[in-house]
Structures are given as structure tokens and as C-alpha cells.
Amino acid sequence: MARIAGVNIPTNKRVIIALQYIHGIGSTKAREIVDRVGIADARRVNQLTDQEVIQIRETIDRDYQVEGDLRRENSTNIKRLMDLACYRGLRHRKGLPVRGQRTHTNARTRKGPAKPIAGKKK
């Protein structure tokens, strides 16, 4: 099992798919990495040599922000918005949708399970 950027990537999948298990790498970045290193699309992780795994690891470390650093940056950005008390920060603080979605109905992902209101009947 190859370990890249602190993540154990699956060995029996193609390299492009396996790299997407790393937070911050999607299909486009995975394809860029594979093209830079010069690995064929059909290759699987268990077919890679140690040298190729090292090249992938170095490319990711040098050119991309992934895993812990990316999560930390995202959380500091959200914290900054909350400290500024701008509209988006207030929505984050209250746990409501940030990007203009309706909240009268739906929005259960952000708001959590529905809480019954005492004394309210039809």
C-alpha cells in the first residue's frame, strides 16, 4: 500500500483514481500529476515502482497544497469570516446555509434534524 501525503492510497485501483483519495486532489489535478511524472493511464498503484511513487510524492509536496495544510487554510478562512462578522461569517456562526439557499423548507443538512416546537398544532 502506497502512502502519499499521509494517506494510504488503495493499491488495486488505477493511479488517477487512487490519487483522488487525497484531500485536495480531484480528477484534473490527478491527471496533471500523472502526466508530469509520465505514468500511463492504465497503470495501477500496485504496478508502480518505488521510484515512481517517490516522484509522485515529491510532485505533490512541491506543487500542491493538500491534506492538513489545505484543511487548516480552509478553517482559518472560515474563522476569519466569523471574526469579521460579515454576512457569510454570521451564517457560518449560526450553522445556516452560506450561499443563498432557502431555509424555510429544506436546509436540513446545515440545520440538523428538525426540532419540534412546543405548543404548535395545526
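Here are the numbers:
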read-out: Scan of segment 1-49 for residues that are among the hydroxyl-bearing types (Ser, Thr, Tyr) and either touching a strand residue (DSSP E or B) at 6+ places or on another chain (Cβ under 6 Å) or surrounded by 15 or more Cβ atoms within 10 Å (Cβ to Cβ) (or both), ordered by number; value: 21
read-out: Pick from segment 74-87, criterion of a type in the set (D, E, K, R) and within 20 Å of the chain's Cα centre (by Cα), ranking: farthest from residue 108 (Cα to Cα); value: 80
read-out: Single match in 84, 70 (criterion: open to solvent by 70 Å² or more (accessible area, probe 1.4 Å), out of contact with any helix residue (DSSP H, G or I) (no Cβ under 9 Å at 6 or more places or on another chain) and of a type outside the set (Phe, Trp, Tyr)); value: 84
read-out: Meets criteria (small (Gly, Ala, Ser) and open to solvent by less than 70 Å² (accessible area, probe 1.4 Å)) for residue 119; value: no
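The values are calculated or read from the model by the stated rules, or taken from the named source; none is laboratory data. Fair warning: this is a prediction, and the values are worked out from it, not measured in the lab. When we count neighbours, we look across all protein chains shown, and the Cβ atoms used for this are built from the backbone with ideal geometry, even at glycine. For accessibility, only protein heavy atoms count, side chains too; no ligands or nucleic acids. Shrake-Rupley method; radii C 1.70, N 1.55, O 1.52, S 1.80 Å.
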